[in-house]
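Input: a single structure, listed below in structure tokens.
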Amino acid sequence: MSARRVAAAALALVAVLAGAAVALLVTGSGDRHASRGAATPPGRRGAASAPPVPAGPLGARLLRRTQLRTHPGGRVVATIGRVTPFRSRRVLAVVARRDGWLGVLSEDMRNSRTGWIPASSAALVHERYRLDIDLSARRLIVRREGRVIRRVRIAIGRPDAATPTGRFAVTDALRIGAGSGAYGCCALALTARQPKVPQGWTGGDRIAIHGTSHEDSIGTPASSGCLRARDADMRWMLGRVTLGAEVRIRA
């Protein structure tokens, strides 16, 4: 993908915030475990060994292009590849499992809806992190292995463009180029989409958690649906929160 196409896709991600030109440079996720598959244990010589299922919350790192379906064996919603439009490794949060199938969260599904992929198309990885967002408290809580390790004050969507609630996941960790102060240093793109795109805006509907040059807006309903945090908090999260981490947003 050309740099121009990457920049255009990045604009679509942050489109629900404001109409400013911004260039995004994709980085890997922090705590790098999500980019690796589960290790295969040593087996007897000549015997095939299936990799063990990691403990705890799971992510599915795609190994090949695959079809995302409404249910196991059901209608195809989209064909997805090993990398996202922002060139991140594609790691999907796993929220259900059936024989030979994984239920996952994807931006190609409606908000909070589960899509299904063949289990053979992905390597399972352990997801250490989860983000819990309380809109009424204007607070984001980072949990690692279930333990609270950071509390982050945030700005949320305005009443006419409220941040959607539900169960989502991190798709990309992005560093924003120079001259894009409105969005701060960086962003975590989510599977969430804004169902109430502001009238007249044609740039896209993806939701993200991102920095801001207007830190006085933190703690208020100020955005068009995305979640704003101080740059210091965003840099901290970008260095830790993994692709495929689950994000729960409640009113």
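Just need a number here: residues in segment 132-161 that are part of a loop (DSSP other than H, G, I, E, B) and free of Cβ contacts under 8 Å to residues at least 24 places away in the same chain.
Counting residues in segment 132-161 that are part of a loop (DSSP other than H, G, I, E, B) and free of Cβ contacts under 8 Å to residues at least 24 places away in the same chain gives 2.
Restricting attention to segment 66-96, and to residues there that are in contact (Cβ under 8 Å) with a residue 24 or more places away in the chain and open to solvent by 80 Å² or more (accessible area, probe 1.4 Å), which single residue is farthest from Arg175 (Cα to Cα)? The residue in question is His71. Counting only residues that are open to solvent by 60 Å² or more (accessible area, probe 1.4 Å) and either hydroxyl-bearing (Ser, Thr, Tyr) or on the phi > 0 side of the Ramachandran plot (or both), segment 147-169 holds 1 of them. Residues that are more than 17 Å from the chain's Cα centre (by Cα) and not basic (Lys, Arg) were ranked within segment 97-115; the one that is surrounded by the most Cβ atoms within 10 Å (Cβ to Cβ) is Leu102.
Does Arg130 satisfy being within 30 Å of Pro54 (Cβ to Cβ) and open to solvent by 60 Å² or more (accessible area, probe 1.4 Å)? Yes; evaluated as a whole, the condition is true for this residue.
Selection of segment 116-127 for residues being part of a strand (DSSP E or B) and open to solvent by 10 Å² or more (accessible area, probe 1.4 Å) yields Trp116, Pro118, Ala122, Ala123, Leu124, His126. Scanning segment 125-159 for residues that are under 15 Å from the mean Cα position of the chain (by Cα) and among the basic types (Lys, Arg) gives Arg128, Arg130. Only residues that are open to solvent by less than 50 Å² (accessible area, probe 1.4 Å) and either polar (S, T, N, Q) or in contact with a Ser or Thr (Cβ under 7 Å, 6 or more places away or on another chain) (or both): list them for segment 133-146, please. Matches in segment 133-146: Leu135 only.
The values are calculated or read from the model by the stated rules, or taken from the named source; none is laboratory data. The structure displayed is predicted, hence computed values, not measured ones. Glycine also receives a Cβ, built like all others from the backbone with ideal geometry; neighbour counts cover every protein chain displayed. Surface accessibility is based on the protein's heavy atoms, side chains included, excluding ligands, DNA and RNA. Shrake-Rupley method; radii C 1.70, N 1.55, O 1.52, S 1.80 Å.
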